[in-house]
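Values quoted throughout were computed directly from the atomic coordinates according to the rules given, and no laboratory measurement underlies them. On a predicted model such as this, the values are computed, not experimentally measured, just so you know. Quick reminder, even Gly has a Cβ in these numbers, built from the backbone with ideal geometry, and neighbours come from all protein chains shown.
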Amino acid sequence: MNNATRKGQIGSVLVVDDDDISCDIVCAMLGDLGVTEVHCAGNGQAGLRTLAELANTPDVLICDLFMPDMDGIEFMAELARQRYPGQVILISGGNVEMLVVAKELALAGGIQLLGCLTKPLYCEMLQSVLAIKAR
């Protein structure tokens, strides 16, 4: 667990989700929870490009499972291959069974998984998984 999460503060998050509305909602919730820097990417390939461009690894990465071009499972596999050091939250509006499979694959790949959430997301859900206090 990185120092920011341990102290109950999250400075930066990367949201990887192809649904613009979902991204906007998650970004707003993160802002309400005091996150100061949020980046968004529309699929796994864009997420990898964004990670490569950022000067620092985000405190948390929030990733949807079902996306075009490179879905969340493929993205997690690539993160595991790169030995991604950050923490991850998986989200899905699809079936819960797929979320369980993705969780197992992420953990098997050495991903630091904070949790798995189903859509629609609520601020309390994020707050609980992130273990931070709302402003």
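Can you tell me which of Leu107, Leu54, Leu79 moves the most in a GNM of the chain? Springs connect C-alpha atoms under 10 Å apart.
With Cα springs under 10 Å in the chain, the top fluctuation among Leu107, Leu54, Leu79 is at Leu54.
Might you report the magnitude of the Cβ-based charge dipole of the chain about its Cα centre, with Lys and Arg at +1 and Asp and Glu at -1, to the nearest 20 debye?
With only Lys, Arg, Asp and Glu charged at Cβ, the dipole is about 700 debye.
Between region 23-42 and region 79-135, what's the alpha-carbon centroid distance in Å?
15
Once the other residues with Cβ under 11 Å from the Cβ of Leu113 are scored (Lys, Arg +1; Asp, Glu -1), what is the net sum?
Around Leu113, the charge tally is 0.
Out of (i) 1.34; (ii) 0.94; (iii) 1.00, which label holds the value of Cα Rg over 2.2 N^0.38 Å that was computed here?
Here the calculated entry is (ii).
Kindly provide the helix-only [θ] at 222 nm of the chain, computed as the sum of -39,500 (n - 2.57) over DSSP H runs of four or more divided by all residues, to the nearest 500 deg cm²/dmol?
Theoretical 222 nm ellipticity from helices: -12500 deg cm²/dmol.
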